[in-house]
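Enquirer: Following this message is one structure expressed as structure tokens.
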Amino acid sequence: MSGAFRIPGAGRLKQAKTARFSFDGQAYAGVEGDTLASALLANGVHLVGRSFKYHRPRGFLSAGAEEPNALVQIARDDARKTPNVRATVQELYDGLAAQSQNRWPSLAFDVGAVNDIASPFFSAGFYYKTFMWPKAAWKSLYEPKIRAAAGLGVSPDRPDPDHYAARFAHCDVLVLGGGAAGIAAALAAAETGASVMLADEQAEFGGSLRFETGARIDGQDGFGWAQGAIAKLKAMDNVRVLSRTTAFGYYAQNFVGLVERVSDHLQNPGRELARERLWQVRAKRVVLATGAIERHMVFADNDRPGIMLASAARTYLNHYGVAVGKNVGVYTANDSAYAAAIDLKKAGVNIAAIVDLRDNPTGPVIDEARALGIEINFGRAVVRAGGKFRVTSMTVQPKNGGGERTIPVDAVLMSAGWTPSVHLFSQSRGKVAFNDETKRFVPGTYAQDCVSVGACNGTDGLAATVDEAYAAGAKAAKDAGAKAAKGTKPKVDAGESWSRGMLGAAPGAGPDTTVKAFVDFQNDVTAKDIRQAVHEGMHSIEHVKRFTTNGMATDQGKTSNMHGLAIAAETLGKPIPQVGLTTFRAPYTPVTFGSIVGHARGPLFDPTRRTAIHPWAEAQGAVFEDVGQWKRAWYFPKGGEDMHAAVDRECVGVRKTAGLFDASTLGKIEVVGPDAAKFMELLYTNPWEKLEPGRCRYGIMLREDGFIYDDGVVGRLAPDRFHVTTTTGGAPRVMNHMEDYLQTEFPHLNVWLSSITEQWAVIAVQGPKSRNIIAPLVEGIDMSDEALPHMSVREGKICGVPTRLFRMSFTGERGFEVNVPADYGQAVWEALWAEGQKHGAVAYGTETMHVLRAEKGYIIVGQDTDGTVTPNDAGLDWAVGKKKTDFVGIRGLARPDLVAKGRKQLVGLKTKDTKVVLEEGAQIVADPKQSIPMKMIGHVTSSYWSENCGRSIALALVAGGRDRMGETLYVPMPNGVIEVEVTGMVFFDEKGERLNG
Amino acid sequence: MLLIRCPYCEEERPELEFRNAGEAHIARSANIAGESDDDFEKFFFIRSNPKGVIHERWRHMHGCARFFNAVRDTVTDKFIMTYKAGEPKPAKLPGVAK
Ligand SMILES: [Zn+2]
């Protein structure tokens, strides 16, 4: 048995397959094909949640994606906990475990419900008004409390073990919505041979045909026709049919985002199935067939469990075979609720009464209801509902006042009319237009190649819908380039038509200010709140929305926006279009982070770049650091050394004998061509024309504004060939910068640029023994100081493989950088390492490299400069060609601010206490006794312990720094003020003798 | 995601392959070192930021790597046309009344 409220013979589910599930620990049975909502209703469970603000008991409002109330938490295991699952959308599987949300300690007894009694304090704009003062209380008191109280559900606290797939797709015609309209459009488009995609958010296609028992198409009942048509479409090679797939976002140029729920409905999805799949579809034409959403009636206590949309009750009956009550009342302002009453009555459910706000409506459904013996009351309103955890009665009154009558019920079906689902149309930047006659917003001006059909276009009646959709599908295919259709249009034999309804508050919604007549169920916004917002001066709907939070919950006001707008318009005394509709934004329904992230997480979030020498460093136990996407060896600890000890040993080792360093990550660009030197003249501050082949120069690159952009050593291999090095992090932007100028400003220059960063592995060998280590392995290069002086480059062979051998130094020691093709990088490194062992050489990492260069006052662009530093500021004026008439940045350097006195200049700092190492980024002041806030005159850019100097060393940018040599400055820190002396930037071997040592 | 037609590849490709490179048709002076402060300010700092039609540079970064120019409407985000670097500003735009 799958529930006492399951009606034998009703609905389309096969009773044979039982699915056991639990809700708040209580065991229930449902049927395969149920949603969690239909299965709970079959068991007579209506109370499923507590509301957001007032913690009021809530049940099911709808049977679909618009559900504002029935949000539950579903946990498959500790890591798979999904909050805010709409029970009306979640398909049942055997073993499903759901929990109610937003209640403590239990659903029936919820402490937070005191908010309901205290509700005068929680009126519109409550958050803005209450938590304004004192300001300091925000951080300590208000925010934590609000956050704790405000959560709907609990997010999981473990990494998501599921995986999420992603697909890109292109098609001629994308049809969104798989009801009668969408299916008809897809059929018409598919018959032309065009490539078609059809998506619907439900597990089964048919849309409102799921509940519309009156529909007959091509001689079949509507739902049966839909299944046949879908089977036909699925069999066609040019059609892709996606169920359980929500189009959540409509972006520029017919780019639509869809999420397919692949396995959330399965009992044991298995690891190979993705949980969800993100489809990014580019369509030549889009057909919007998104239907309409029924509105509730706004009256006092309209949120009691058991009060729901008429179409929802009809869906539960006609699709799931579930009666939502035994004694059901109906409150309506249009015809469609009559059909629900008729269906339920025919299924054996007592209809207590139909209350119709209209005065004397006529029509076949009204006649039929009357013929079935249902009591009908025209011109009356339900002014309040009774009951707390379940509706127990509805109180009826003539709409213009008069005697009340209370009718016992266990469910109330409501219908205030239907709102066209223009969400995706609005997202496409289309402009909606208000139809004054039918009181609804429908698509007006289109911004993209799309068309709306059926209920979302304001088209009433099944026959008109199918006609319109079929024609639109054929036209969309033709516009996308397909041939004319040769199919046959589905013939509608019978259909239902949803007539108009009402917008805004019904008589039972106040003006009494204690009345809670809900407009937005999920955010607990009442008719009173909206009126109050207008009275307090919110005259635009955008302001009303933010002040009351109407329509701002996870359901985005699918049922509430139009009511809210109408109440605001009425209070303002303005027509609805003048108050305006809020803009719809993506996503249409909530989308998981997982589906958006897809596979781009963990190691796949960003590429990891490793050098050719990486495996050797790893085997040596190197500790790595991330530099951009690169993994770089940071230091090589030996025998339990900490970082400090390892770096001290490496630093001393390099200067004493020699060290090997993997410099492969340095950016490298080859500048080649007859005009290569001219190009270099324009891109760097230095002169290049006269640099002899075989020699190197330290180059500085500026932006046009005169600030340092990058630096590096450049070797001239031949008159028409430069080997340029850049900083590790700067390689891509330097290449972009060069290409930009070459392609757009200097296209007359005959130059080619190639990124060669990954072609060459670079092994720096530095230290007094460096030549002794390299020389035995080199062929064809004279390694003498005369033949290969400091700052020169030669091509030859090392270990039998080609090399570009640079004599250069970033340590101040005699040094070389051995470039070899990356494939030979590790082999050459190992050969050099073996030679180095004979001399006691060390391997060193980036930390030691940083310390050694700082001992020599060599800057690192991006550490000692920050995009506001000129060559002069950095003490590098010597590298700017004074006779040059043009280079990028030449004019920027002459700007008044850049030549003004008192600019921050790079200097050295020595702490008075030699053992104290300054913090990088620490601020510098001239007078530590001044009052706070102190005038800061600079900051520390680099700071290290230097074992070679036996003291700490630092570089800093200080205002007028070079005029302050010998001055004492101060670095205020939380534990006291540190005294420093301003010095030159070179701390070790000031004369530079060791370059040839 | 926008589709952008690269005038070199002669193909519409997704925006992911491209990088915007700022306003187009701002020429660097051949005698930039001799420019006045005002002229340099106009060249380097001042951009038009229009509401409507903008001429801008794009680079087909993950394609042919060429820089080119585009005419785009900043209100609708629609590309009106693209053309090669060095070509003059189009006198007449397709589909734009003026
Ligand atoms: Zn291209």
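Enquirer: Of (1) out of contact with any Ser or Thr (no Cβ under 9 Å at 6 or more places or on another chain); (2) at pLDDT 95 or above, residue A:399 satisfies all except one. Which?
Expert: (2)
Enquirer: Residue A:315 fails exactly one of the following numbered conditions: (1) touching a strand residue (DSSP E or B) at 6+ places or on another chain (Cβ under 6 Å); (2) farther than 24 Å from residue A:404 by Cβ; (3) at pLDDT 95 or above. What is the number of that condition?
Expert: (1)
Enquirer: Of the residues that make up segment B:49-71, is at least one open to solvent by 40 Å² or more (accessible area, probe 1.4 Å), within 30 Å of residue A:896 (Cα to Cα), under 14 Å from the mean Cα position of the chain (by Cα) and more than 10 Å from chain A (Cβ to nearest Cβ)?
Expert: Yes, segment B:49-71 contains a residue that is open to solvent by 40 Å² or more (accessible area, probe 1.4 Å), within 30 Å of residue A:896 (Cα to Cα), under 14 Å from the mean Cα position of the chain (by Cα) and more than 10 Å from chain A (Cβ to nearest Cβ).
Enquirer: Here's something else I'd like to know. Suppose the filter is over 30 Å from residue A:629 (Cα atoms) and surrounded by fewer than 21 Cβ atoms within 10 Å (Cβ to Cβ); does residue A:587 pass it?
Expert: Taking the combined requirement at face value, the residue satisfies it.
Enquirer: Could I ask something else about it? Scanning for something aliphatic (A, V, I, L, M) and in contact with a Pro (Cβ under 9 Å, 6 or more places away or on another chain), does segment A:618-638 turn up at least one residue?
Expert: yes
Enquirer: Could you list, in sequence order, the residues of segment A:186-210 that are part of a loop (DSSP other than H, G, I, E, B), more than 16 Å from residue A:469 (Cβ to Cβ) and within 36 Å of the chain's Cα centre (by Cα)?
Expert: Hits for segment A:186-210 are A:195, A:201, A:202, A:203, A:204.
Enquirer: Would you point out the residue of segment A:259-293, among those that are within 14 Å of chain B (Cβ to nearest Cβ) and crowded, with 21+ Cβ neighbours inside 10 Å, that is farthest from residue A:81 (Cα to Cα)?
Expert: Our first condition is that a residue be within 14 Å of chain B (Cβ to nearest Cβ); within segment A:259-293, this holds for A:278-284.
So of that shortlist, the ones also crowded, with 21+ Cβ neighbours inside 10 Å come out as A:278-279, A:281, A:283.
Numbers: A:278: 20, A:279: 24, A:281: 29, A:283: 35 Å.
Here the residue is A:283.
Enquirer: On the basis of being β-branched (Val, Ile, Thr), away from chain B (no Cβ under 14 Å), under 30 Å from residue A:893 (Cα atoms) and in contact with an Asp or Glu (Cβ under 7 Å, 6 or more places away or on another chain), does residue A:734 make the cut?
Expert: For residue A:734, the condition - β-branched (Val, Ile, Thr), away from chain B (no Cβ under 14 Å), under 30 Å from residue A:893 (Cα atoms) and in contact with an Asp or Glu (Cβ under 7 Å, 6 or more places away or on another chain) - is met.
Enquirer: How many residues are farther than 20 Å from residue B:90 by Cα, more than 12 Å from the ligand (Cβ to nearest atom) and not in a strand (DSSP E or B) if we restrict to segment B:1-26?
Expert: The total comes to 4.
Enquirer: So, of the residues in segment B:1-35 that are loosely packed, with under 15 Cβ neighbours inside 10 Å and of a type in the set (Asp, Glu), which turns out to be farthest from the other protein chains (Cβ to nearest Cβ)?
Expert: Going through the qualifying residues, I end up with B:10.
Enquirer: Let me ask something else about it. Test residue A:824 against the criterion of being in contact (Cβ under 8 Å) with a residue 60 or more places away in the chain and in contact with a helix residue (DSSP H, G or I) (Cβ under 7 Å, 6 or more places away or on another chain), and give yes or no.
Expert: no
Enquirer: Tell me, which residue of segment B:80-91 that is part of a strand (DSSP E or B) and within 16 Å of the ligand (Cβ to nearest atom) is least open to solvent (accessible area, probe 1.4 Å)?
Expert: B:83
Enquirer: Taking the options B:47, B:57, name whichever one is at pLDDT 95 or above and away from the ligand (no atom under 16 Å from the Cβ).
Expert: B:47
Enquirer: Which ranges mark the helices (runs of 4 or more DSSP H) fully within segment A:823-921 that have 2 or more residues being under 25 Å from residue A:812 (Cα atoms) and in contact with a strand residue (DSSP E or B) (Cβ under 7 Å, 6 or more places away or on another chain)? Step through it out loud before you land on a result.
Expert: Values: elements: A:825-839, A:846-855, A:896-899.
By residue number, A:825-839, A:846-855.
Enquirer: A follow-up question, please. Going by the structure shown, is residue A:379 at positive phi and in contact with a Leu (Cβ under 8 Å, 6 or more places away or on another chain)?
Expert: So residue A:379 passes the test.
Enquirer: So how many residues does segment A:211-254 have that are within 14 Å of another protein chain (Cβ to nearest Cβ), assigned to a loop (DSSP other than H, G, I, E, B) and at pLDDT 95 or above?
Expert: Result for segment A:211-254: 1.
Enquirer: Within segment A:596-612, is there a residue that is among the aromatic types (Phe, Trp, Tyr), open to solvent by less than 10 Å² (accessible area, probe 1.4 Å) and outside the structural domain of residue A:279 (by TED's automatic domain parsing)?
Expert: Within segment A:596-612, not a single residue is among the aromatic types (Phe, Trp, Tyr), open to solvent by less than 10 Å² (accessible area, probe 1.4 Å) and outside the structural domain of residue A:279 (by TED's automatic domain parsing).
Enquirer: Turning to a different aspect of this structure: Applying the selection to segment A:936-971, what residues are open to solvent by 40 Å² or more (accessible area, probe 1.4 Å) and within 41 Å of the chain's Cα centre (by Cα)?
Expert: If the condition is that a residue be open to solvent by 40 Å² or more (accessible area, probe 1.4 Å) and within 41 Å of the chain's Cα centre (by Cα), then A:936, A:939 are the ones that fit.
Enquirer: Kindly state which strands (runs of 3 or more DSSP E) lie completely within segment A:717-805 and contain at least 1 residues that are small (Gly, Ala, Ser).
Expert: A:752-755, A:760-766, A:792-798
Enquirer: Output the residues belonging to segment A:453-478 that are farther than 13 Å from residue A:207 by Cβ and not in a helix (DSSP H, G or I).
Expert: A:458, A:459, A:460, A:461
Enquirer: Which of the residues spanning segment B:60-74 are within 16 Å of the ligand (Cβ to nearest atom) and touching a residue at least 12 places away in the same chain (Cβ under 8 Å)? Full working, then the answer.
Expert: Step one: filter segment B:60-74 for residues within 16 Å of the ligand (Cβ to nearest atom), giving B:60-70.
Once the filter is applied, which keeps residues that are within 16 Å of the ligand (Cβ to nearest atom) and touching a residue at least 12 places away in the same chain (Cβ under 8 Å), segment B:60-74 yields B:60, B:61, B:62, B:63, B:64, B:66, B:67, B:68, B:69, B:70.
Enquirer: Answer yes or no as to whether residue B:40 is within 14 Å of the ligand (Cβ to nearest atom) and not in a loop (DSSP other than H, G, I, E, B).
Expert: When the stated conditions are applied, residue B:40 does not pass them.
Enquirer: Let me ask another. With the structure loaded, tell me whether residue B:77 is among the acidic types (Asp, Glu) and either within 16 Å of the ligand (Cβ to nearest atom) or in contact (Cβ under 8 Å) with a residue 60 or more places away in the chain (or both) or whether it fails that test.
Expert: yes
Enquirer: Oh, and also: Restricting the first residue to segment A:743-756 and requiring it to be more than 10 Å from every other protein chain (Cβ to nearest Cβ), which pairs with a second residue that is assigned to a loop (DSSP other than H, G, I, E, B) and buried (at least 17 other Cβ atoms within 10 Å of the Cβ) meet a Cβ separation below 7 Å and a spacing of at least six or different chains?
Expert: Partner pairs satisfying both residue conditions: A:749/A:675; A:750/A:673; A:750/A:675; A:751/A:673; A:751/A:675; A:752/A:673.
The values are calculated or read from the model by the stated rules, or taken from the named source; none is laboratory data. Note that the structure is predicted; figures quoted are calculated from it, not measured. Ideal geometry is used to build each Cβ from the backbone, glycine not excepted, and the neighbour counts take in all protein chains shown. Just so you know, the surface numbers come from the protein's heavy atoms only, side chains and all, with ligands and any DNA or RNA stripped out. Shrake-Rupley method; radii C 1.70, N 1.55, O 1.52, S 1.80 Å.
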